[in-house]
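To keep things clear, I will list the structure first and then write my remarks on it.
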Amino acid sequence: MTLLEFARGPALQASALIMIAGIAWRLAGILLLRRRPRYAASRHSAAGRMGRGAFLILSRLIPRPTFRPRIAVGVMLSAVFHLGLAVVVFGGAPHILLIHQATGLTWPNLPKGLVVIASGLTLAAMIALMARRLTHPVLRLLSTADDHVSWLLVFLPVLTGILLSGETIGDYGSLLTLHILSVEALMIWLPFGKLMHTVLVFAGRWTMGVNFARKGAAT
């Protein structure tokens, strides 16, 4: 068995199993948390609370005017990174094929040139975000090993994907192997680090909006 066959077979199956089990474990831990009893009546109906939860998801996508001057650069870079990564993951033909094989779902792919451009913008945004994290006095103080490991494990699949699409540097089989292994490392890490926010971010904001509506707080 070659390293590429290992990456495409046992390693992919093991990393997918670890990721799914880890996500299930994290979600079970959250759902089993002890909750305080609610003594006060809700100030909104159930439908109203659901609506406030959805509103908070959308409203938190745009920072409040008070904070915009200080965080505008970070927000812009973060938007480029997230949107670019979404285009790469859900617009690239090989990724759509992999999703189809795993789930049966499929959709039309984007042109390869557009996906390559999105990959380049994603990579540039990631480098700029890390440079900002390392030079900003507060961000540098707040950063942990989790932040750096998570960044690296996202950076490597994007980088190897760009090299793979260009087919100009190195052997194609070796680049494909590195790309697959880097994605699998990302899958294994996802449930146990801050990358878990990809699963929890919208559910967390929705829950916060529902709780705010129950208490009558502004969202």
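Quick note: the coordinates plus some simple rules give every number you see, no bench work behind them. Just so it is clear, the model here is predicted, and its values are computed rather than measured. Reconstructed Cβ throughout: ideal geometry from the backbone, glycine too, with neighbour counts over all protein chains shown.
Exposure proxy for SER42, SER119: other Cβ atoms within 10 Å of each Cβ, ordered fewest to most, give SER42, SER119.
Pairwise Cα distances in region 64-166 exceed 20 Å in 47 percent of cases. Only helical runs count toward this figure. For the chain, summing -39,500 (n - 2.57) over DSSP H runs of n ≥ 4 and dividing by all residues gives -25500 deg cm²/dmol at 222 nm. Taking Cα atoms only, the orientation of helix 68-91 departs from the longest principal axis of the chain by about 50 degrees. Averaging the Cα positions of each part gives two centres, and for region 107-165 and region 1-31 these lie 22 Å apart.
A DSSP coil position with no more than 13 other Cβ atoms inside 10 Å describes the following trypsin sites (Lys or Arg not before Pro) in region 13-60: ARG34, ARG35, ARG38, ARG43. Counting beta carbons within 10 Å around each of GLU5, GLU184 and listing the fewest first gives the order GLU5, GLU184. Using the average count of surrounding beta-carbon atoms within 10 Å as a protection proxy, the listed peptides 104-110, 175-181, 203-209 rank, highest first, as 175-181, 203-209, 104-110.
Remark: region 148-153, residue by residue, has Karplus-estimated 3J(HN,Hα) of 6, 5, 4, 4, 5, 6 Hz, where x stands for each Gly or Pro and the curve is 6.51 cos²θ - 1.76 cosθ + 1.60 at θ = phi - 60°. Out of PRO157, PRO65, PRO111, any idea which swings most in a Gaussian network model of the chain, alpha carbons joined below 10 Å? Maximum fluctuation in the GNM of the chain, among the listed residues, is at PRO65. A simple rule links phi to the HN-Hα coupling: the Karplus curve 6.51 cos²θ - 1.76 cosθ + 1.60 with θ = phi - 60°, which for region 173-184 gives x, 5, 5, 5, 4, 4, 5, 5, 5, 5, 5, 5 Hz, with x for Gly and Pro. 3J(HN,Hα) along region 133-147: 5, 7, 9, 6, x, 6, 4, 4, 5, 7, 5, 10, 4, 4, 4 Hz, from the Karplus curve 6.51 cos²θ - 1.76 cosθ + 1.60 with θ = phi - 60°, whole Hz, x for Gly and Pro.
Compared with the dominant principal axis of the Cα atoms in the chain, helix 10-31 is inclined by about 10°.
If only the Cβ of Lys and Arg carry +1 and only the Cβ of Asp and Glu carry -1, the dipole of the chain around its Cα centre is close to 1820 debye.
Among the chymotrypsin sites (Phe, Trp or Tyr not before Pro) in region 1-100, those located in a DSSP loop and surrounded by at most 13 other Cβ atoms within 10 Å of their own Cβ are TYR39, PHE67.
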